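Notes follow the structure.
The values are calculated or read from the model by the stated rules, or taken from the named source; none is laboratory data. Every value quoted in this text rests on a predicted model; they were computed, and no experiment measured them. All Cβ positions, glycine included, derive from the backbone under ideal geometry; neighbour counts span all protein chains shown.
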Amino acid sequence: MANRLSQETSPYLRQHADNPVDWYAWSPEAFERARREDKPILLSVGYAACHWCHVMAHESFEDPATAAIMNERFVNIKVDREERPDVDGIYMQAVQAMTGQGGWPMTMFLTPGGEPFYGGTYFPPRDRHGLPSFTRVLQSVAEAYHTRRGDLEQTTRRIRALYDAVGATAEATGELTAATLDRAYQSIESRYDTRNGGFEGAPKFPMAMVLDFALRYAHRNRQPPTIALESFRHMARGGIYDQLGGGFHRYAVDAIWLVPHFEKMLYDNALLARLGVHLWQATGDTEIRAVTERTLDWVAREMTDPSGGFYASLDADSAGGEGTFYIWTAEEIDSLLGSDAAAVKSYYGVTADGNFEGSNILHVARPGSTSPATIVRAREKLLAHRASRERPARDEKILASWNGLMLRAIADAARVFGRADYHAQALASGEFLARTMVRPDGRVMRSHAFGVTKIDGFLEDHAAVALGFIGLYELTFDTRWLTLARSIAKAIDAQFWDAPHRMFFDTAKDADALIVRPRDVTDNAVPSGTSLTTVLYLHLAELTGDEALRQRAEWVLSTLAEPLVTHAPAFGFLLGAADTAVRGALQVALAGDPAVFADVVAATYIPSLVLAVGNREAIDGRPTAYVCRGPVCDRPVTDPKDLRDQLSHA
């Protein structure tokens, strides 16, 4: 018999609807029952594409004996971390403080008041590798809750002190200058893997935001974009990139980008695609453009809802194994490709022994060794065969912040690559978000699935969607999108800015109360709400002349000036905002028909580019371009060649 999770819209929660566990979603009812029955809460947090979440579900949550202990001794709550990043963030802090590490599945034990007192990540069904069995943990925790309350209260007090620090009033930590950017870049450069690209050892994450800052810094300082370019190229040739279908997997478990963790996340591909657009502008590298376009083509083909929204993720697992959908044996390729097989196997590094559990993860082992026509022909045949395999599950919920990131990437790609299909897709995405996820008062909702839009949006949702709308404005010059972005910015100010503490919080003022109002300023897998908002405010200040927005953004940056240096890789997106604040944005203001200058602007990499129409006059009725830094503009030009010359010296 299905449990309460059958009524939820999250695919991850629905995966657990047939568990024998008496699951609740995060709800007042669960806490009320815990208080009434004086039981601890077992909070389990994960997401649909999480491999070890599936493992623990199969081993423990589907086991009737384990479920019986859970149901007897706990009130059990299951949370999709992608729907509720606030809940996930609060309790992940506690897990990391208790164990020194974090990850998913996250298993946390709470008092009926929501205070965490014990936690971890994955627990096996039997004692192994130094980990206690899950049933032993359950019995021990339940016993401790009823017999050693004093010890538990000491733990909750320590965690409470950790949370109290989050709400301390923000203060400036240093002056934000060019030297700040220099020191941050040097910190990033010191971690760069000169042999394999990326940073340090294994596992390796794409870190697209850090690479984007490295590209900005190199361009500003007239240096080769080595870190960003070589890292992207190594990833694009590795197993972390789906060589057949396009799109990047979540991360590589090794240092050489060969063996990925096979899940595919929308946000990774949004951030990497936008980086690819910028790299192509900066270098003209045709391989970078091809990889970027194939990534966005995969999004259009496999990750786009008919409504225009983008799905969240593809699972790592299928057909009972991790990566099964993506791997090949040499025999399969021989049988499918005939006379092309030897050349294709050489190109993709395919051997009889394989490089992954007896099979092969395709990677570009010998660039240039095989003709492009042969690779294209082989790719089509292998893709057609792969389509007959059992596909990884797809999480079809549509998340506002991730959609905002992808909208921004596709709008940029449409403008830079001149792709009409990307233009149409960006418009469809924007229309969906405006229609379904944005309320008339500018408030943004978090999640849409199965026809239901739910959960008041977090700071990241508001800022990412607004930035996506600005991307659409700069693609179409339809002021409707700029108006929507400004409306969302007003909602951010009203709901997320806390004047007494002089900071942004991640949840709105009218959100349901948690044990602490969460605020995480670091850029992790996705940019933080604070980083996104800072970029948004700086961009809107340039477009609208609203100095209050600029001042607020610069204040936020001043409060994080020292962490930007000491922990630079944790602030990749915010470093982009710092670059804009220190070096200044470059506004290209167009009067008359903007299409006259579109190709010139599209072909030029300009960090902190701001595109605008309608705020300058055309000369003699002819389309005119103005290149401006703040209130100071170069002489207006009517010839695209003159604009190209001005931008080349910008």
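Worth pointing out:
- When Y217 is tested against (1) hydroxyl-bearing (S, T, Y); (2) at pLDDT 95 or above; (3) out of contact with any Phe, Trp or Tyr (no Cβ under 6 Å at 6 or more places or on another chain), exactly one condition is not met: (3).
- Count of residues meeting criterion [of a type in the set (A, V, I, L, M) and touching a residue at least 40 places away in the same chain (Cβ under 8 Å)] in segment 495-513: 3
- Per-region count, segment 385-425, residues buried (at least 20 other Cβ atoms within 10 Å of the Cβ) and under 22 Å from L314 (Cβ atoms): 19
- Single residue of segment 335-356 satisfying the filter (part of a loop (DSSP other than H, G, I, E, B) and in contact (Cβ under 8 Å) with a residue 12 or more places away in the chain) that is farthest from F248 (Cα to Cα): A352
- Unmet criterion (only one of (1) of a type outside the set (S, T, N, Q); (2) in contact (Cβ under 8 Å) with a residue 12 or more places away in the chain; (3) touching a helix residue (DSSP H, G or I) at 6+ places or on another chain (Cβ under 7 Å)) for D546: (2)
- Matching option when the condition is more than 23 Å from S313 (Cβ to Cβ), within 21 Å of the chain's Cα centre (by Cα) and not assigned by TED's automatic domain parsing to the domain that holds G103, among A228, A218, A270: A228
- Filter result for the condition that a residue is touching a strand residue (DSSP E or B) at 6+ places or on another chain (Cβ under 7 Å) and either of a type outside the set (S, T, N, Q) or modelled with pLDDT of 95 or more (or both), over P20, P28, P85, P105: P105
- Any hit, segment 22-43, residues being of a type in the set (A, V, I, L, M, F, W, C), crowded, with 22+ Cβ neighbours inside 10 Å, under 23 Å from H261 (Cα atoms) and within 28 Å of the chain's Cα centre (by Cα): no
- Residues of segment 93-120 classified as more than 17 Å from I77 (Cβ to Cβ) and not in a loop (DSSP other than H, G, I, E, B), total: 5
- Among the residues examined, A511 qualifies as hydrophobic (A, V, I, L, M, F, W, C) and in a loop (DSSP other than H, G, I, E, B).
- From T66, T9, residue being polar (S, T, N, Q) and part of a loop (DSSP other than H, G, I, E, B): T9
- Exclusive hit being within 19 Å of R419 (Cβ to Cβ), in a helix (DSSP H, G or I) and of a type outside the set (S, T, N, Q), set R233, R294: R294
- One residue from G102, G46 being farther than 21 Å from A511 by Cβ and either free of Cβ contacts under 8 Å to residues at least 24 places away in the same chain or among the aromatic types (F, W, Y) (or both): G102
- Boolean, H54 is outside any loop (DSSP other than H, G, I, E, B) and at pLDDT below 95: yes
- Taken over segment 252-309, the criterion of being more than 30 Å from V438 (Cα to Cα), of a type in the set (S, T, Y) and in contact (Cβ under 8 Å) with a residue 40 or more places away in the chain is satisfied by T283 alone.
- Across segment 219-248, the qualifying residues are those that are of a type in the set (S, T, N, Q) and in contact with a strand residue (DSSP E or B) (Cβ under 9 Å, 6 or more places away or on another chain), and the one among them that is farthest from D193 (Cα to Cα) is T226.
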